[in-house]
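The values are calculated or read from the model by the stated rules, or taken from the named source; none is laboratory data. Bear in mind that the values here come from a model prediction, so they are computed numbers and not experimental data. Note that each Cβ is placed from the backbone with ideal geometry, even for glycine, and that neighbours are counted across all protein chains shown.
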Amino acid sequence: MSESDVFDQIKKSLATDSLPAATVKTLRSHVLVQLQLSPDDKSAKKSYKSAMKRMEEQALVSLDADGNVKYLGAADDSKKRKGEKKEKKEKKEKKAKKQKNEEPAAKGADVADIATEDAADEIKLSLTPAPAKSLTLAATNPSSTPADPDKNKPVPGNRDGVTRMFLGNLPFKVDEASLKAHFGKAEVTHIKWITDKETGRFYGSAFVEMKTSKDAASAVGIDQSELMGRKIKINYAPAREGDIWPPVNQSTTGGQAGGGGKRAMSEKPENCVKLFIGNLSYDIDDDGIFKFFEAVDAEVKAVRWLHHKENGDFKGVGYVEFWNTEACDKAAALNGKDLLGRPIRIDWTD
């Protein structure tokens, strides 16, 4: 993804008021998710930083007293749109004039033959296989090759046979059941909630895999429909080359958005006595975490919470140290268990 793409998306997000009163960091996460990039991608972050710097140099953005980004280029954008609209109208009129001048040459042709040729072209178009790019999502994950021959079949409204979708502006209370119910008869087979890698917080976006291209077309048909009071965005999102999609596991990720359920832990370091804990409720405190691990007889030695440098807000993650590796093992067994209404994320750390 180039810096220009990021630059354009920042303008689009700010100019359309899709993210009012956004801080630089919040805007970055929003913009990268809209471009189907991970908010934790270092290269993407670098492109965002360069794009924002260019916008400041061009006096297109400014920061208010609260640290929110304000878009200053609305007037210029309006002029540009008017110019593009005028140019498009002139091209259309020029094309119509050219076609009118060429009409006499076609009058001698047999009208029936022309109609037959048009019909043949239409049939040929409807039978043209979807481009190879649209089938990438199946090719990148051999285990997910569909048994259904109609899965990626071109259909009205979905000529490329795409079955992978991007969803945006989702309510934070959405879960697998409510999302599937919203799509009605259009069947969802996989859901990947987009969350912060470090904190596990839900970004309000997701990728979903539909059972067939027809289901995907139905899903796009309800773009901007309201779910739990929010108008959600639904777009086709063909997997890029090299992406592993759908997941090898044929079931959906399921559960509450951002919860993620129990995650696999990394390899345990030798004599480990320290754990990373994430996806925590913002009501958690030292006493709450001590009692949580005491339930499995794992006595806590120390707790360290992580906070944002910019404003001091709690990140929802931290580190817990135990007196010995046996207690650490017992505590690790609670990975994915509910703590104050959220499944805790636990992993080994040095």
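Residues in region 207-256 that are hydrophobic (A, V, I, L, M, F, W, C), surrounded by fewer than 16 Cβ atoms within 10 Å (Cβ to Cβ) and either at pLDDT 85 or above or assigned by TED's automatic domain parsing to the domain that holds Thr195 (or both): Ile222, Met228. When Ser144, Ser126 are checked against the criterion of being at pLDDT below 50 and either buried (at least 18 other Cβ atoms within 10 Å of the Cβ) or touching a strand residue (DSSP E or B) at 6+ places or on another chain (Cβ under 6 Å) (or both), a single residue qualifies: Ser144. Of the set (1) farther than 27 Å from Lys42 by Cα; (2) crowded, with 22+ Cβ neighbours inside 10 Å, all apply to Ser178 but (2).
Taking the criterion of being in contact (Cβ under 8 Å) with a residue 12 or more places away in the chain and closer than 13 Å to Cys272 by Cβ, the residues of region 302-328 that qualify are Tyr319, Val320, Glu321, Phe322, Trp323, Asn324, Thr325, Ala327, Cys328. What do you reckon, is Arg342 in contact (Cβ under 8 Å) with a residue 12 or more places away in the chain and touching a strand residue (DSSP E or B) at 6+ places or on another chain (Cβ under 7 Å)? No. Across region 293-327, the number of residues qualifying as of a type outside the set (Val, Ile, Thr), within 33 Å of the chain's Cα centre (by Cα) and not in a loop (DSSP other than H, G, I, E, B) comes to 9.
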